[in-house]
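I have placed the structure first, in the form of structure tokens, so that the comments after it can refer back to it.
The values are calculated or read from the model by the stated rules, or taken from the named source; none is laboratory data. In this text the structure is predicted, and so the values were computed from the model without any measurement. Virtual Cβ from ideal backbone geometry, glycine too; neighbours counted across all protein chains shown. Surface areas here come from the heavy atoms of the whole protein model, side chains and all, with no ligands, DNA or RNA. Shrake-Rupley method; radii C 1.70, N 1.55, O 1.52, S 1.80 Å.
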Amino acid sequence: MAFYEVYSHPALIRYKTSVCTKATLFLAIVLCLTYIPPLLVAYRSQGFWIKRSTYEEQPVVRFQYQTLLVAATSTRGDYVAWSTFPHLNNMLGNNLRIPAVSVREEDQNQDGKLDLLLFNLQLPLKPEEQVYSIQLLITFSYQLFRMSTVVMQSLAFVQHSSSVPGARLFISGDLRLQQRTPLPHRGLYNIYNVSVIDGSSPFASAYDLDSIIRSYQERNLTTVLSCPMPVWTVGRAAGSPFQLNAEIRYPMEIISYRPGFWETIKFAWIQYVSVLLIFLWVFERIQRFVFQNQVLTTVPIPVGKPHLS
Amino acid sequence: MATWTVVRRSTSQVFSLFLFFTAVSSNENATSYNNFHTAAFGDQNVTFNDMDNDTTTQPTEFDSTTPTTLSYSTTEEPVLPTLTTEPLPVSDRLLSVVTNVGSFCPCDEHKDVCDINCCCDRECGEEVALFTGCSVVTVSGNKKLCSRDVASSSLRSTIDGYSEVQLFVHKETNYDVFCIQSQNRVDGFSHPSPAIPTGSNFDSLFKQFSSFIFGSEENSGQASSAEPLTVSGYRYGDIMMTAEDSGQRGIFWLPAPTVTADCVDTSPAAFLQDQSNRCTRDLVLEQDCSTLLALSIDTYTNIQLIAGKNTVADVVPVQVSSVILQSVDGTQTELQISDGENLNPLLLNQALCANVVLKVGYVMTYNPAGEMVNVTVSVVLGFVSEGAVPLEQEFLVTFVQEDEEEVAVHYSGNPGYVDGLPLVSGTRSADGIVQSVDPRDTLSLLHSTEDQDCLLGPHQHSPVLFGVDSVSGCTLRLEDAGNCSLVSQMLLDVLRGPNYSQYVASFGNSPLGNPLDWLPVNNFNLDEAQSCSIPLSFHLEVEWTKYGSLVNPQNQIVSIREIIQTNTTSLELLSGGSSILSVRSSVSFIPVSAPAHPGYRATPTIDAKLPFDFFFPFV
């Protein structure tokens, strides 16, 4: 007649000891070795605390309708210029040349955020003038909302020159965000919500492109017009204006930020516990061996019978 | 735009509204599906008949300008505006919305003319024979609906070879699990009808929708003349006023470069801001020599400044302190100013203009009340030839406090040297160290010129700036190096500069009376072997250290030496047959600071410590 296992249950055995014994010491050492080394292992294997993380967002960008244009009209350094700043226009005197500018901003996917700026500028020229180089500076209002609320004013700078006089310059590029240090994970970040060009200043130094670009590049957050392929078309008909067509896209950006306390803890906790489980299992086996075999003297108390009868 | 932002943000918060608003935005996406250009019918919508009865018949009642009335509120009733405001004359009715997909033809762009390849154009008859395809194939309703109307048009050939347009409207079924079976929201799938501008809400509407526009500059052109006149004097950065002959007030201009290096004449000078502007002018000598005001000395000297900002302030005339005449080869002589002399530009011949203003320096003395006390100007006049065009002019303005005993000595740091400021140097005399008041008279380095020759003058020198390593040089032609001892001495003089100082201050503000603070320039001559040798390189080596606290370290020069390298072999061999030798002058700054280390009061026993970011988010 064969026997078979009809039922099984684990039996709980308690091992008792007093405070000042080897078993107590052993227990303390085991506890330390179980819970502290996982922390060290998780830390030393790098990436325990995440300090930088990224998210994706399309910024809310608006063209600020501020423009500064400088065009070299001869090879010996004559120029014409125009801006939307009245003080500068007054200063330019005879070099002021007012172009015809048309601007349209488009929301292509109807998500409420503008996606594209179409900027068209026609610069009328005198018969003896030709355009050899173009410097165009336009400013934007740039906003991010998902993690920290970023409100800033930024610029795009186009500079192109050619030894051959041109008829048209076509620019199609992206307005990219550049950041040096990660953004905070929450709060309002508006230290750069100041004018890139101080249009109310009557001093010539306020419109110096050197100082404008220098102070702009000192910022942590900047935008840059990434236009790898400007198209310079030569062959301007006499009497026709120089044309500058720009298509500037406002693409989705990957923004890095410094995670907050709970996000950091969340990822650290996962790593710690996953290593801890291994240590718990190992030291559980060690403890069982030690106490079962009475390597350290303890008083085992077998499971009592639950019912007295 | 603001409206949409609010919608998007709130959808992420309230999930139950997510489908609803996505349906709104995807309604427009249905049009791009059909290959239209979105700009072709910007404000028209493909919607359904049963949902816009309210908006078409009574558009004026529906005011939804503010984002909140876009109604995620549970009340179904839109906010009714009070009817007391009169609508503006032209805008009392809005266009009704085209809703039936069958009657919607986006490619019909010409009135009463058949649009080619526009299959839904009702005017096309015989012209269909010219068609090659349909530019708009389908016009469909909202794709989120389980059952939607789709108007399709197609072109097919008949048996006898003619083209024939087929138009039909049919129902398409959406088998998506989350399709919308029926919808009872009136404004769910269409844009909310815009608020009717009335006389009372026009300003708020304008403010809401026009954030950036052309011509929105707050200050249009004129200098800020409407400042409060509570302060009688100027303050830092204020524009200084002049009294014109006509009795009006003008502005004190100081030419400056702006977007290019060209001079801009109408840039004001700011009170208490020292400026040094260099800018260029393009001239046609024959025309401009006597007519261009910017070349004439009178433009810069015949100025009456107003001492303060208020109207009763005194007038301070600009006094000419010196006029220096610069000859064609660059030598300068001071002119004795006599009254009748005409110093205006003069065209000597077709290619030479005399008495042209090259440099203007204003020195303005002010008192603590912000009033101008005294203004002097010194002018450098010179000749401009045809070859020296465009002409560079320099304009300086410096502000000096009244009652200042002597010219202020510029420190190069207080106390430690500041990066980029010139070294403080002096010479030893019987009663201590003597330092020049001119900040340019300091240890300097030869600056390369266009003719590159070491022995031919004039030589330019640039001051040695603290912390800035630099190199420059000149060339020595071998045929000039015949008299060795003479050339060697001349070359050394050129390399060392005209005002070669033997002592350098160890701090930026070392007092003259303390000789221990001044370090001698050690002469370290390599290769003393030969009796006479030509110096081939002149190198200044400055060792400096950081001094004082870790938080505010002060830069201190600990030693300075000049290293002169001379030739050891014959010059011909060194030049490699090119008969030209290059002579280098350089300066280098070597930090010799000991690395900062923490100091303990008692030696700690255990140095086991966790990495600094071990408890990163907690600390």
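Order these peptides, A:269-277, B:533-541, B:293-301, by their mean beta-carbon neighbour count within 10 angstrom, highest first.
Highest-to-lowest ranking by the protection proxy: B:533-541, B:293-301, A:269-277.
Pop a pseudo-label 7 angstrom from the Cα along the beta-carbon direction at both residue A:270 and residue A:29 and give the gap in nm to one decimal.
Spacing of the two 7 Å Cα→Cβ label points: 3.6 nm.
In chain A, which helices (entire DSSP H runs) extend 15 Å or more along their own long axis, judged by Cα positions, while averaging at least -0.5 on the Kyte-Doolittle scale?
A:22-44, A:261-292
Of the listed peptides B:365-376, B:203-214, B:476-487, what is their order by residue-averaged count of other C-beta atoms within 10 Å, with the highest listed first?
Values: B:365-376: 17.5, B:203-214: 11.9, B:476-487: 14.6.
The packing order, highest mean first, is B:365-376, B:476-487, B:203-214.
Would you please classify the overall shape of the stretch B:313-435 from the alpha carbon gyration tensor, given that a ≥ b ≥ c denote the square roots of the eigenvalues, rounded means a/c under 1.5, and beyond that prolate means a/b larger than b/c while oblate covers the rest? Walk me through the numbers on the way to the answer.
On the way: a/c = 2.22, a/b = 1.44, b/c = 1.54.
In terms of gyration-tensor shape, oblate.
Net charge around residue B:476, counting only other residues with Cβ within less than 12 Å of its Cβ (Lys, Arg = +1; Asp, Glu = -1)?
Neighbour charge sum, excluding residue B:476 itself: -1.
With each pseudo-label sitting 7 Å past Cα toward Cβ, what's the residue B:348-residue B:409 distance in nm, one decimal?
Reported label-point gap for residue B:348 and residue B:409 is 4.3 nm.
For the stretch B:421-591, rounded, prolate or oblate, judged on the Cα gyration tensor with a ≥ b ≥ c (square roots of eigenvalues), a/c < 1.5 rounded, else prolate if a/b > b/c?
prolate
Name the residue from A:68, A:47, A:237 whose Cα lies farthest towards the positive end of the charge dipole of chain A, charges +1 on Cβ of Lys and Arg and -1 on Cβ of Asp and Glu.
My answer, from the dipole projection, is A:47.
Running Debye on the stretch B:238-401 with equal point scatterers at the Cα sites and no solvent, what base-10 log of I(q)/I(0) appears at q = 0.08, 0.10, 0.16 Å⁻¹?
-0.24, -0.38, -0.94
On average, how many beta carbons from a partner chain sit within 10 Å of the beta carbon of a residue in B:260-271? Can you show the working numbers first?
Details: counts 11, 2, 7, 1, 8, 3, 7, 10, 6, 1, 4, 0.
Mean partner-chain Cβ count within 10 Å for B:260-271: 5.
Let me confirm one metric for peptide B:608-619, namely the mean number of other chain beta-carbon atoms within 10 Å of its residues' beta-carbons.
Counting Cβ atoms of other protein chains within 10 Å of each residue's Cβ and averaging gives 3.
Quote the FRET efficiency, to the nearest 0.05, computed for residue A:294 versus residue A:55 with a Förster distance R0 of 35 Å and r equal to the Cβ-Cβ distance.
Between residue A:294 and residue A:55 the formula returns 0.05.
Quick one: which of A:4-11, B:431-438 comes out on top by average Cβ neighbours within 10 Å, and what's the full order, highest first?
B:431-438, A:4-11
Please report, in Å, the Rg and the Dmax of the stretch B:369-517, where both are computed over Cα atoms only.
In Å, with Rg to one decimal and Dmax whole: 19.6, 65.
Please identify, among A:127, A:165, A:184, the residue showing maximal mean-square fluctuation in a Gaussian network model of chain A using a 10 angstrom Cα cutoff.
Highest fluctuation among the options: A:127.
Evaluate the distance, in nm, between pseudo-label points positioned 7 Å from the Cα of residue B:512 and of residue B:440 along their respective Cα→Cβ axes.
Rounded to a tenth, the inter-label distance reads 2.1 nm.
For peptide A:145-152, what's the mean number of Cβ atoms from other chains within 10 Å of each residue's Cβ?
Per-residue shielding by partner chains comes out at 1.
In whole Å, what is the distance between the alpha-carbon centres of the stretch A:1-77 and the stretch B:435-483?
The distance from the Cα centre of the stretch A:1-77 to that of the stretch B:435-483 comes to 62 Å.
In the stretch A:21-36, which residues have a backbone nitrogen under 15 Å from the label point lying 7 Å from residue A:12's Cα in the Cα-to-Cβ direction?
Answer for the stretch A:21-36: none.
With Rg and the Kirkwood Rh both taken from Cα atoms, where does Rg over Rh land for chain A? Present the calculation step by step, with values, prior to reporting the outcome.
Numbers: Rg = 35.5 Å, Rh = 25.7 Å.
Looking at chain A, the ratio lands at 1.38.
Could you let me know the centre-to-centre spacing of the stretch B:159-173 and the stretch A:251-276, using Cα atoms, in angstrom?
Centre-to-centre distance over Cα atoms comes out at 58 Å.
Can you tell me the equivalent ellipsoid semi-axes for the stretch A:214-294? Use √(5λ) from the Cα gyration tensor, largest first, whole Å.
68, 15, 9
Tell me, what % of the accessible area of chain A is carbon and sulfur with a 1.4 angstrom probe?
That fraction is 59 percent.
Add +1 for every Lys or Arg and -1 for every Asp or Glu among the other residues with Cβ under 12 Å from the Cβ of residue A:122, and state the total. Each step should come with its number before you reach the end.
On the way: positive: A:97, A:168, A:236; negative: none.
With Lys, Arg at +1 and Asp, Glu at -1, the neighbours total +3.
Probe of 1.4 angstrom, ligands and nucleic acids ignored: what's the accessible area per residue over the stretch B:327-434, in square angstrom?
That works out to 54 Å² for each residue.
Just add up the charged neighbours of residue B:380: K/R +1, D/E -1, any other residue whose Cβ is under 9 Å from the Cβ of residue B:380. Show your work: numbers first, answer last.
On the way: positive: B:359; negative: B:394.
Residues near residue B:380 contribute 0 overall.
With r as the distance between the Cβ atoms of residue B:429 and residue A:41 and R0 = 51 Å, compute the FRET efficiency 1/(1 + (r/R0)^6) and round to 0.05. Intermediate values should be presented prior to the final figure.
Working: r = 72 Å, r/R0 = 1.42.
Rounded to the nearest 0.05, the efficiency is 0.10.
In Å², rounded to the nearest 100, what is the total accessible surface buried by chains A and B against each other with a 1.4 Å probe?
3900
Once you have the Kirkwood Rh of the stretch A:174-309 from its Cα pairs, apply Stokes-Einstein at 37 °C and 0.692 mPa s and quote D in µm²/s. Kindly include the intermediate steps, with their values, before the conclusion.
Values: Rh = 23.5 Å.
Answer, rounded: 140 µm²/s.
I'd like to check one number: the per residue accessible area of chain A, probe 1.4 Å, reported in Å² as a whole number.
About 55 Å² of surface per residue is accessible.
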